[in-house]
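Report on the following structure.
FYI, it's all coordinate maths here, none of it is from the lab. Every value quoted in this text rests on a predicted model; they were computed, and no experiment measured them. When we count neighbours, we look across all protein chains shown, and the Cβ atoms used for this are built from the backbone with ideal geometry, even at glycine.
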């Protein structure tokens, strides 16, 4: 990975991680961004992510869907994951200030994705993979942008400590 690309992915990762920590329940939400290099072009998105985590855990996805609208769909989907609540106040659909903030934060993420895409080349597809781990009560969503040489993953985890 070239250094400029590495720095841009780290910026995106830090930005998403910081946004998810705006929640008043910071141990319940986690956001991250990372690259997985594609040495084998025949591997699908799920296989690449599973292989990436193979030494740490076994992954199984409950759903894998391509976002037909590409970046437009990704932008709309991100709103629900970037601001779940703000310092313990639920981000309700009727709160215009929070909706405006979600749109702005999503715009900034999309802008960072554009900078990264400029270095990776054309994004050929975008997928949303869902996973629920009942043992740990963790719901994970992986937005995966497929490039010729890499997979850029935006991962959002929600852990539930409620019994």
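Just a few scattered comments:
- Inverse mean reciprocal Cα-Cα distance (Kirkwood Rh) of the chain, Å: 16.4
- Estimated from helical segments only, the mean residue ellipticity of the chain at 222 nm is -13000 deg cm²/dmol, where each DSSP H run of four or more residues counts as -39500 (n - 2.57).
- Ranked 98, 126, criterion: other C-beta atoms within 10 Å, fewest first: 98, 126
- Stretched out straight at 0.36 nm per residue, the stretch from residue 122 to residue 139 would grow longer than its current Cα-Cα span by 3.2 nm.
- Put in line by how crowded their Cβ is, counting other Cβ atoms within 10 Å and starting with the fewest, 20, 124, 138 read 124, 138, 20.
- Simple spin-label estimate for residue 148 and residue 55 in nanometres, 7 Å along Cα-Cβ: 3.0
- Relative packing of peptides 37-47, 111-121 - highest average C-beta neighbours within 10 Å first: 111-121, 37-47
- When each of 108, 27 is scored by the number of other beta-carbon atoms lying within 10 Å, the sequence from fewest to most is 27, 108.
- Mean sequence separation of contacting Cα pairs (under 8 Å, at least six apart), scaled by the length of the chain, corresponds to a relative contact order of 31 percent.
- Estimated distance in nm for a label pair at residue 4 and residue 130, the labels positioned 7 Å out from Cα along Cα-to-Cβ: 3.9
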